[in-house]
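Some notes on the structure that comes next.
The values are calculated or read from the model by the stated rules, or taken from the named source; none is laboratory data. Quantities reported herein were computed from a predicted structural model and do not represent experimental measurements. FYI the Cβ positions are ideal-geometry reconstructions off the backbone, even for glycines, and counts take in every protein chain you see.
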Amino acid sequence: MNRLLVIIVSLILFIPDIINAQDKEPEKKLSSFMESCQYSQAIALADRYLAQDSTNVNLYVLKGRALAACFQFKEAIAALLKAQKSDSTNIKVLNELVNVYKQAGDDGNAIATSFKITQLVPDNRYFSLQLANLFFSENEYRQAIQVLLPLFKADSAYYYVVKQLALSFDELKRSDSAELFYKRALGINPFDPIVTGKLANLYIRQKKTDKALTLTGNYIKQDSTNIPILKQNAYCSYFISDFRASVKQFRKCQALGDASKFTYKFLGLSYYRQEKYDTAAPFFRAAFSKDTTDAEVCFYYGVCESRSFGIDTSLVYLNRTLRLLMPSAPFLSTLYTEIANAYTSYSHPDTAIVLFQKALEANPRNNTLRFKIAYQFDFYLHKPNEALPYYREYLKIAELLKESGAIMPTPVAGVAQNENGDFAYSYGDYAKNRIEKISGAKKKVDN
């Protein structure tokens, strides 16, 4: 009897463990598939188990991970949302959702879900940092700062938080705060290349070149192979007219494999300022080959060739500089026309007529401009006699264009309207009418 009682008690004690072990069996099998990257098998197995128990949160989480691993983000989110429905405050589920939302590029939902987690566990630093990083990646720097500042107050020596605060303030162009946190970051980690480079850029923007030179110089003593910081140091030397030093540092960049336009350009400029034109020319040529739209580099290359007696090459590149700096004739003509229209609307027809004439000079093929000039003289400046030759020239060219089959322009608002506000004439008809009236009036005066 006692023995039977012991057996019964033992069964009562161990049955929950047996049931719990059985409950964990599906998760173990799924986890095994996940560990061996057999994601399709894991998804299929999860569906089988979930058909029997649709409330198992852990199974939904594992299925969500497997789907995300197969880049099936929509399906993964759907699985995790079902898990959330079963347990809306489950941090594990919510964090998985954040990760999948990020992978899917849905930063809005990632931020909203991450914010919910921080409300549930406000003391967990990891989740606050995750939210701050999400804000930062979305260029929401003010929100990132709001999350980071309490973390900084809790631990002012937390390097990553200090660095992110500096970067956020820098992005907001709050230079004083950015400088303060960059300096604090370097106080913790004196030779972080990113922070050093960012602070140097900040100094350069503020024209504090000496500070940038000192900062980058100190870093180079520790690491003389960091090309970006070497370039900053070389640029600062160039800026304060220490051209020999700038050449030295830019040459080091070159030796380290830097073949950027920036380095070629400033090497060229450093030699140019020392009047070493033949030495500068190849660097300007190399810089221009990387960006054939840079008029400044094109100009300096042309000058160097000229002063090194490469006159033919010089003329080619100096003329090319002019073409790069000047807009195309049609665009320049359109620009003059639009400015002229604005001056007309502003009741400055005398200025407008000059600009219309410049527009015609830039693009003489635009016959409509002749009509606009005639109309400007005639209607706005009340100088019909000066309008007459432009009306005549307009009609002459319009006839030639018509014979060639060209499409004639239509009238514009404000020109040649009848009493109903409708257009009474085409440009051509209006010009003919005005020529007759102006010529007739002129004959009466002459008689």
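The one condition from (1) outside the structural domain of F33 (by TED's automatic domain parsing); (2) among the polar types (S, T, N, Q); (3) crowded, with 21+ Cβ neighbours inside 10 Å that S114 does not meet is (1). Annotation: of all residues in the stretch 186-223 being surrounded by fewer than 18 Cβ atoms within 10 Å (Cβ to Cβ) and among the polar types (S, T, N, Q), the one that is nearest to R174 (Cα to Cα) is Q206. Entry remark, the stretch 262-297: residues being crowded, with 18+ Cβ neighbours inside 10 Å and in contact with a Leu (Cβ under 6 Å, 6 or more places away or on another chain) number 1 in total.
Do we have any residue at all in the stretch 364-377 that's of a type in the set (G, A, S) and more than 36 Å from the chain's Cα centre (by Cα)? Taking every residue of the stretch 364-377 in turn, at least one turns out to be of a type in the set (G, A, S) and more than 36 Å from the chain's Cα centre (by Cα). Taken together, the residues in the stretch 224-246 that are within 30 Å of the chain's Cα centre (by Cα) and more than 23 Å from Y272 (Cβ to Cβ) amount to 4.
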